[in-house]
Amino acid sequence: MGLEIRKILVVGAGTMGHGIAEVAAIAGYRVAMVDISEDILKRALDRIRWSLSKLRERGALREDVESVISRISTGISIEDAARDADFVIEAVPENMDLKRQVFLTLDRSVPRHAILATNTSSLPIGEIASSTSRPDRVIGMHFFNPPPLMPLVEIIRGPQTSDEALRITLEVARKMGKEVVVVNRDIPGFIVNRLLSRLIEQACYMVEEQGYTVVAIDSALRYRAGLPMGVFELIDFTGIDVVASIFNEMSKRGFKARLCGSIADKYGKGELGMKSGRGFYTYPSPGVYSRPAIPREDGEKVDLVEVFAPMVNEAVYLLEEGIVDSPNTIDKAVKLGLGYPRGILEMADEWGIDSVVERLKKIASSEAMSHNSPRGLLIKMVSENRVGIRSGIGFYTYTGISEKRMKTIIVRKENRIGWIVLNRPEKLNAISPEMLEEISTALRELEADEGVRVIVVTGSGRAFSAGADVTAFTNVNPINSYIYSRRFQEILNMIERMPKPFIASINGYALGGGLELAMACDIRIASENAMLGQPEINLGLIPGAGGTQRLSKLVGRGRAKELIMLGEPIPAREAERIGLVNRVVPHDRLESETRALANKLAEKPPIALMAAKIAINLGSDYPLEAGLALESSLFSILFSTEDLVEGVSAFIQKRKPEFKGK
Ligand code: COA
């Protein structure tokens, strides 16, 4: 239909310009690349050649390098190159006068049908367009650095951009192999930089006003949120001058944000990040990158919801204003433009919209951050109980969610996570014979459900479980108590023998049978309020559901004897220190941390997880030689799985594997 784009003119052959020219040439377009000197053009061509050969080496380019290059012509005259151009992408420095001058020249030189796109990241499209006689054919086309590798392009409608210009630009971007997000209105920062600015603002605030360290924030972002880099690492990498100027341009255009003192300070001192050898981190020498050392433990105390809440709020602004069409657009921009493993709104649904709102209220209570108070849509979502995964609907709808209430437990399925929630909060989830049987039923059901990859056991209210129900201990004799003890053990053995991984999410007291239940699980994560112990001795008893065995295996005989013989519960931190729980988190983060851990496990290959579980659980009962033989057998069996093929090919193709459990 209508116009066919054959020749693309790229104005500016700098970092972005030459990359865009390269991408256009790979897509098969004839490309003209223009800049102010032959020298610059020669260097740009060399860089394109180098980049193409890298792509070719990696198998990402089918054509040979020189034939791609042969489609690129260079020159120093816009007028000459523009005569037969169908589509122009301008990538000159971010200076309004310069851009307007370039667009004026272009408008006079290109054919009437040509579209004029600008790669600006900070200047208003409308103002650039107004220097031409065709504002309806001017549009924003924001590439990410480096264009050949970054999959995303933001396409921005100026105030007068026509539907046709948008349609043609979308076609060009897609032909270049790019994923696109359409920004319906030309707002400062578009989607990606706007969201990122909120993360930067909040991270700076937490460092400057709340005593967090740069390393703590980055550690939490890198290891716990799984971002490719911490935010301060990213600022250093991008250049502190660049970040400062983006903020500056955005605030000039009305974007409200607190001034980040540490960025301003470093900018003033000429500490510009990697390029000057020092920024938030130190580098071997100016321009030489080495990944800052960031210890994994340093981020444990950082509340991720608090770090990201302003970003969620900003995303909601984009939705409320109709600047983007759907939550999907936002999340696509975040995943492809920033490399996040999950979208910001997917994460928000996971944390719970109510938690996000609560954090925003707290953040906005400080004068300097008051512009971050929760937006109307968020408040509305909470009032309508659209709080995310937990309620089955948030920014997205979760069809994979079901909840079954038995008398004493709740069984929830949340896509790939199965939850067993002990639910006698008024009795601190004391495990009655009835609850035990219900747990057994739930285990069988969750085991049989192929969609469920991970099972979480937790308690409602203030306890995980305060143990076997003591009131059932009256009228018992040695015979039926033996049977009961064996039954309890049998059910915990089921957990240990089931192929799926189990997480005990210990939300409060885990005493007696409660701790024994937790110890049968594979990984234990505890709230810092939790108390753990085997208090049976105080009733004249000993643990009867595996406590004497599993506790000694976990913490050694000496400590096990102390815990069992004294019967004194210990706090979670102490339990973590002796290896009884894997990790401890603040109480209000237990659920989100548990879910994050469960999601990670759910992405691992199920058969390999099963093999790991069997090898570790059974192997520890065997003599070393037998354990090793078991390990080798399981190891070799995994070579018959499709998941292994998938894992290895994903590694080679540098993508995320998708395991099917086959
Ligand atoms: N069996 C049956 N009921 C239990 C229970 C258990 N193991 N643990 C707690 N409960 C009940 C309490 O009897 C109480 O019920 P009530 O309100 O009808 O009186 C309710 O749960 C709340 O417990 P309470 O003792 O009032 O709470 P607390 O905060 O003062 O104390 C504990 C909490 C955990 C220290 C205390 O409940 C306790 O020691 N429980 C027994 C732990 C135990 O010995 N477990 C091993 C059993 S083999």
In Å, the Kirkwood hydrodynamic radius from C-alpha pairs for segment 528-589 sits at 12.0 Å
With GLY273 itself left out, Lys, Arg at +1 and Asp, Glu at -1 over residues whose Cβ is under 11 Å from its Cβ give -1
Just need the relative contact order of the chain here, percent rounded to a whole number, with Cα pairs under 8 Å and 6+ apart.
-> 7 percent
Restricting to Cα pairs under 8 Å and 6 or more apart, the percent relative contact order of segment 506-662 works out to 20 percent
Two-decimal Rg/Rh of segment 279-428 from alpha-carbon positions, Kirkwood Rh?
-> 1.06
Could you tell me what percent of the accessible area of segment 265-405 is made up of carbon and sulfur, with a 1.4 Å probe and every protein chain present?
-> 48 percent
Taking the Cα atoms of segment 116-243, what is the range of coordinates along each of the three principal axes, in descending order and whole Å?
-> 53, 29, 21
Segment 379-410: trypsin sites (Lys or Arg not before Pro) in DSSP loop, at most 14 other beta carbons within 10 Å | LYS407
Restricting things to alpha carbons, find the Rg to Rh ratio for segment 192-312 using the Kirkwood radius for Rh.
-> 0.95
Principal-axis tilt of helix 557-566 within the chain, Cα atoms, nearest 10 degrees | 60 degrees
Where Rh denotes the Kirkwood radius from the mean inverse Cα pair distance, what is Rg over Rh for segment 494-575?
-> 0.95
Rounded to the nearest 500, the 222 nm mean residue ellipticity computed for the chain from DSSP H runs (n ≥ 4, each -39500 (n - 2.57)) alone is -14000 deg cm²/dmol
Could you tally the net charge around THR118, taking each other residue with its Cβ under 15 Å from the Cβ of THR118, Lys/Arg +1 and Asp/Glu -1?
-> -4
Put +1 on the Cβ of every Lys and Arg and -1 on every Asp and Glu Cβ in the chain; which of LEU511, PRO284, VAL23 then has its Cα farthest towards the positive end of the dipole?
-> VAL23
Could you order peptides 550-556, 216-222 by the average number of other Cβ atoms within 10 Å of their residues, highest first?
-> 216-222, 550-556
Relative to the longest principal Cα axis of the chain, at what angle does helix 96-109 sit, 0 to 90 degrees, rounded to 10?
-> 60 degrees
Nearest 20 debye, what's the magnitude of the dipole of the chain about its Cα centre given +1 on Lys and Arg Cβ and -1 on Asp and Glu Cβ?
-> 420 debye
Would you be so kind as to identify which of LEU597, PHE255, ALA626 lies farthest towards the positive end of the dipole of the chain, taking Lys and Arg as +1 and Asp and Glu as -1 on Cβ and the Cα centre as origin?
-> ALA626
What list of ³J(HN,Hα) values in whole Hz, one per residue of segment 413-430 in order, does the Karplus curve 6.51 cos²θ - 1.76 cosθ + 1.60 (θ = phi - 60°) give from phi, with Gly and Pro shown as x?
-> 10, 10, 6, 8, 10, x, 10, 10, 10, 5, 9, 10, x, 5, 10, 6, 6, 4
Loop trypsin sites (Lys or Arg not before Pro), segment 275-359, which have at most 14 other Cβ atoms in a 10 Å radius of their Cβ (DSSP) = LYS301
Surface accessible to a 1.4 Å probe, HIS18 within the full protein complex, Å² | 20 Å²
Sequence-distant residues sharing a close amide H with MET141 (under 5 Å, placed H) = THR118, ASN119, THR120, ILE156
Pairs to check: LYS413/LYS553; LYS301/LYS335; LYS613/LYS656; LYS413/LYS660; LYS275/LYS335. Give those whose C-alpha atoms are more than 21 Å from each other in this structure.
-> LYS413/LYS553; LYS301/LYS335; LYS613/LYS656; LYS275/LYS335
The chain, Cα convex hull volume normalised per residue, Å³ = 185 Å³
Non-local residues with an amide H under 5 Å from the amide H of LYS7, with H modelled 1.01 Å from N and Pro and chain starts lacking one, are ASP86, PHE87
Quick shape check on segment 183-232: root eigenvalues a ≥ b ≥ c of the Cα gyration tensor, a/c under 1.5 is rounded, otherwise prolate if a/b tops b/c, else oblate, and it reads oblate
For LYS54, which lysines qualify as cross-link partners when the Cα separation must be under 16 Å and same-chain residues fewer than eight apart are set aside?
-> LYS654
What nm distance separates the two modelled labels at LEU566 and GLU179, each placed 7 Å from Cα along Cα→Cβ?
-> 5.4 nm
Computed from the beta carbon distance with a Förster radius of 51 Å, FRET efficiency for GLU66 and ARG296 to the nearest 0.05 stands at 0.65
Solvent exposure ordering (accessible area, 1.4 Å, most first) of THR397, THR548 | THR397, THR548
Förster-model FRET efficiency, 41 Å R0, LYS656 and THR474, C-beta, rounded to 0.05 = 0.15
Accessible surface ranking that places the most exposed of ILE246, ILE417, ILE393 first, with a 1.4 angstrom probe = ILE393, ILE246, ILE417
Within the chain, what percent of beta bridges assigned by DSSP are antiparallel, to the nearest 5?
-> 35 percent
Near SER440, within a Cβ-to-Cβ distance under 12 Å, what is the net charge of the other residues, with Lys and Arg +1 and Asp and Glu -1?
-> -4
Would you work out what percent of the accessible area of segment 155-242, with all protein chains in place, is carbon or sulfur (probe 1.4 Å)?
-> 50 percent
Quantify, in whole percent, the carbon and sulfur part of the accessible surface of segment 16-94 (1.4 Å probe; protein heavy atoms only).
-> 52 percent
Where does helix 590-602 land angle-wise versus the long Cα axis of the chain, in degrees 0 to 90, nearest 10?
-> 80 degrees
Accessible area per residue of the chain at 1.4 Å probe, in Å²?
-> 44 Å²
Looking only at aspartates and glutamates whose Cα falls under 12 Å of LYS266's and that sit 8 or more positions away or on another chain, we get ASP236, ASP241
Say R0 is 22 Å: what FRET efficiency, to the nearest 0.05, do VAL242 and LYS54 get from their beta-carbon distance?
-> 0.35
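The values are calculated or read from the model by the stated rules, or taken from the named source; none is laboratory data. Since we're looking at a predicted model, the values are computed, not measured. All Cβ positions, glycine included, derive from the backbone under ideal geometry; neighbour counts span all protein chains shown. What goes into the accessible areas is simple: the full protein's heavy atoms, side chains included, and nothing from ligands, DNA or RNA. Shrake-Rupley method; radii C 1.70, N 1.55, O 1.52, S 1.80 Å.
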